[in-house]
Structures are given as structure tokens and as C-alpha cells.
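Heads up, the thing below is written out as C-alpha cells.
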Amino acid sequence: MNIRALIAEFLGAFALCFIGIGAIAATQGGELIVIAFAHGLAIGLSVVALGAISGGHFNPAITFGMLITGRINLTGAIGYWIAQLLGGLVAAFFIGALYGTGAVASGTPAPGASHTAIQALMMEIFLTFFLVAVVFGSAVHNNYSFAGLAIGLTITMDVLAGGAVSGAAMNPARVLGPAIVGGNWADHWVYWAGPLIGGGLAALLYDYLYAKKA
């Protein structure tokens, strides 16, 4: 197992959760556009900085897509998942120390007040589908140099589109650590089922499309 890759995955997930929750705490849940760009920048820049080391997953849903399309084996995927979830957990602990656990709870994705868990699930499926499709299109099949920008902008777009419905997590690591630290477990299952379904579907579709193209 590549320890450097695991460290990179830990750091990328840490950056997402630290910057994402930190932006929500610093603005007291302020403008959605600020929160969207904070998450997009965190991941986009992490892909640029660390993508060459680990592939820049930073997200169990992306790793799941890589697993079911044969781009990573089960042992490697489990290692990535552990590193990603630990990164989110440690980031949540530090945000809790800086802003208080209440801020972590507020920064944990949950269905919007006027939306049901099923609506949040549907949104997470769609948003993660878009994200993983861009990951496969820009970083897997084409290896474009601007993959970090494309992925970061997709996350920004997704948060703007779905933040009010589901919190736009698209990533179980963005939810588990904050839930542990902040104690906000509202409809937690949504943030595993949605991203894994959406990410898996996008990965399989892109593999099919590019296989036919070849």
C-alpha cells in the first residue's frame, strides 16, 4: 500500500472539511456563494497540489467509482476510504476546537428545512453524478492539466444548485467526521447512499461511453 497516496488522500479530505466547515462557521452560515466557492477552491487546489500523488480522490464516492471500474483494487480502496474519513474527522475536531462543536454541527450537511430526506437523496445522487462525471472526463480518461479547475468549479456549481436541498455534500467524508464531532446525524444515511449511487452510475456510464468511443 502506498503510504504517500494515503497521506495525500488524508490531506485532501482534511482541506475540504476544514475549509468548508470553517467558511460556514466564519460567515455564520452566510451567503451560499461564499460557501460554494470555499468548497470548490479547497478541492480544486487539492487536486492540483496532491493529485499526482494519489489521483486526487478525496472522496469515498470517487474511490467507489474507481473500484467498480477496475482502476483501484479493494485493498487500495479500503485504504483510501480510511484515509479520507480520518481526514474529515481530524478537520472537524480542529474546527470544533476553533469555533466550538455547535459550529461543526451547523456545518454538517443535512436536508433543508422544507425538504425531505428522499428529496435530499435525489439531489445527492444528481450532484455526485455530475461531480464524478467531470472527474472521469477530465482526470481519468483525458488527464487534462486543468482537471483541478474543472473539478473545483463543478463542486461550486453543485453547492449553488443543491445546497438548499441537501447541503450538497457529494462526499461521505464531508459528513461523517463532522457528524461525530458535532453530533448532527440528521438523515445521515442520505450522505452515504446518494454519493455512492450517483458516483457509481457516473463511473459506469463514462466507462461505457469511452469504451464505445475506443
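Observations on the structure shown:
- Selected from THR27, THR154, THR128 as most flexible by GNM, with the chain as the system and alpha-carbon contacts under 10 Å: THR27
- Counting neighbouring Cβ atoms within 10 Å and putting the fewest first, the residues MET123, MET66 line up as MET66, MET123.
- Among ILE62, ILE155, ILE82, the largest mean-square fluctuation in a Gaussian network model of the chain (Cα springs under 10 Å) belongs to ILE82.
- Highest mobility in the GNM of the chain, judged by mean-square fluctuation with C-alpha springs under 10 Å and restricted to PHE146, PHE93, PHE37, is found for PHE146.
- Spin-label model, ILE82 to SER145: label points 7 Å out along the Cα-to-beta-carbon direction sit 3.7 nm apart.
- Size-normalised alpha-carbon gyration radius of segment 119-194, reference 2.2 N^0.38 Å: 1.16
- Stretched out straight at 0.36 nm per residue, the stretch from ALA113 to LEU74 would grow longer than its current Cα-Cα span by 10.3 nm.
- Charge context of THR63, other residues only, Cβ under 13 angstrom, K/R +1, D/E -1: 0
- Environment charge of GLY194, counting only residues whose C-beta is closer than 14 Å and scoring Lys/Arg +1, Asp/Glu -1: -2
- Least to most buried among VAL34, VAL181 (fewest other Cβ within 10 Å first): VAL34, VAL181
- 0 to 90° range, to nearest 10: angle between helix 74-99 axis and the chain longest Cα axis: 20
- With respect to the chain, whose longest principal axis is taken over its alpha-carbon atoms, helix 3-26 is tilted by about 40°.
- Mean separation of Cα contacts under 8 Å (6+ apart) over length of the chain, as relative contact order %: 31
FYI, it's all coordinate maths here, none of it is from the lab. Everything quoted here is computed from the prediction, not taken from an experiment. Every residue, glycine among them, receives a Cβ derived from its backbone with ideal geometry; neighbour counts consider all protein chains shown.
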